[in-house]
Amino acid sequence: MIDPDIHAMFEYHRARHAEAEFETDLEALAARLGLVVRSGDSSHLGPDGTVNLRRGLGAAERRSHLAHELSHHLSREGQPSYEQVIRHRHTSAPDLPGHLEALADHGGDLLTMPDAVVRAVVKVCGVSAAAVWTLHQMCEVPLAEALRRLVHVDPDCRRGGFISIGGVVQSAAVWRYRLPFWVGDRVPEMNSPNVSRCGVPGRRAAEIGLILAGAVT
């Protein structure tokens, strides 16, 4: 079960995106939200209705950074805003700024990879490592973000996933599950019908893995 404050905030993200007809061009979405996108030395949400994006970002990274900042913006709309509510109710979080940044990552994933697109990919590929690759390609997002989205897409299912190069984990994501290895570790042998693995096209020795660990109990 997801925290009710976080659930409500993400439902607000979905509602605001729906109002914008699930605009897939995030710069157009920013304009519809009343924001101006500019280039700068760093990526951050300005206090004056601007989104500054770091110069030199590739297309997928720029899309990722913009989605993250748009999520911050949506979390700060209203009075009280969802960010204000979470700051008040989640004071026990050991790293509240980091907590809010992680939430903006997930909120950004909802904007770059809307539910309908994820459902369409899963319908074709199943919940699998291949679905991670397909989502990455369709939505033009970094592979690690497509992995994170699929790992977290169903709060009632425990999942873990990784991306490795040469057998060494480069990035990982979990939801209500503890991977027996993490970033920097070697991927062990895993012979289980609950583990899906696939190579990354065009990237030698790169692999995606997805582990379906069952329902949340």
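The values are calculated or read from the model by the stated rules, or taken from the named source; none is laboratory data. What you see is a predicted model, and the numbers here were worked out from it, not measured in a lab. So basically every Cβ, Gly included, is an ideal-geometry build from the backbone, and we count neighbours across all protein chains shown. Areas reflect the complete protein model, heavy atoms only, side chains present, ligands, DNA and RNA absent. Shrake-Rupley method; radii C 1.70, N 1.55, O 1.52, S 1.80 Å.
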Quiz item: Radius of gyration and Dmax for segment 1-91's Cα atoms, expressed in Å?
Solution: 13.7, 39
Quiz item: Nearest 10 degrees, 0 to 90: what angle lies between the long axis of helix 59-75 and the longest principal axis of the chain (Cα atoms)?
Solution: 60 degrees
Self-check item: Which of 9, 138 is most accessible, then next, and so on - probe 1.4 Å
Solution: 138, 9
Self-check item: Per-selection metrics, the chain (Cα): Rg and Dmax in Å
Solution: 17.6, 53
Practice problem: Filter the trypsin sites (Lys or Arg not before Pro) in segment 138-217 to those in DSSP coil with at most 15 other Cβ atoms within 10 Å of their Cβ, and list the result. | Solution: 178, 203, 204
Exercise. May I ask you to give the solvent-accessible area per residue for segment 72-217, in square angstrom, as obtained with a 1.4 angstrom probe?
Key: 51 Å²
Quiz item: How much length, in nm to one decimal, is gained on full extension between residue 205 and residue 91, taken as 0.36 nm per residue of separation minus their Cα-Cα distance?
Solution: 36.8 nm
Quiz prompt | Inter-centroid distance (Cα atoms) of segment 142-179 relative to segment 1-39, Å | solution = 23 Å
Self-check item: Mean separation of Cα contacts under 8 Å, 6 or more apart, over the residue count of the chain: relative contact order %
Solution: 15 percent
Exercise. State the percentage of accessible surface on segment 73-217 attributable to carbon and sulfur atoms; use a 1.4 Å probe and exclude ligands, DNA and RNA.
Key: 53 percent
Exercise. Could you tell me whether segment 95-217 comes out rounded, prolate or oblate from its Cα gyration tensor? Rule is a ≥ b ≥ c as square roots of the eigenvalues, rounded for a/c under 1.5, then prolate if a/b exceeds b/c, otherwise oblate.
Key: rounded
Self-check item: Inter-label distance for residue 24 and residue 8, nm, one decimal - labels placed 7 Å from Cα along Cα-to-Cβ
Solution: 3.3 nm
Quiz item: So how tilted is helix 143-152 from the main axis of the chain? Cα-based, degrees 0 to 90, rounded to 10.
Solution: 90 degrees
Quiz item: Per-residue ellipticity at 222 nm for the chain, helices alone: DSSP H runs ≥ 4 residues times -39500 (n - 2.57), over residue total, nearest 500 deg cm²/dmol?
Solution: -14000 deg cm²/dmol
Quiz item: For segment 100-217, what relative contact order do you get, as a whole percent, if you take Cα pairs closer than 8 Å and at least 6 residues apart?
Solution: 24 percent
Quiz prompt | Cα long-axis angle, helix 115-125 against the chain (0 to 90 degrees, to the nearest 10) | solution = 20 degrees
Quiz prompt | With all protein chains modelled, accessible area of residue 111 [1.4 Å, Å²] | solution = 0 Å²
Exercise. Express in Å², to the nearest 10, the accessible area of residue 162 obtained by rolling a 1.4 Å probe over the protein heavy atoms while all chains stay in place.
Key: 0 Å²
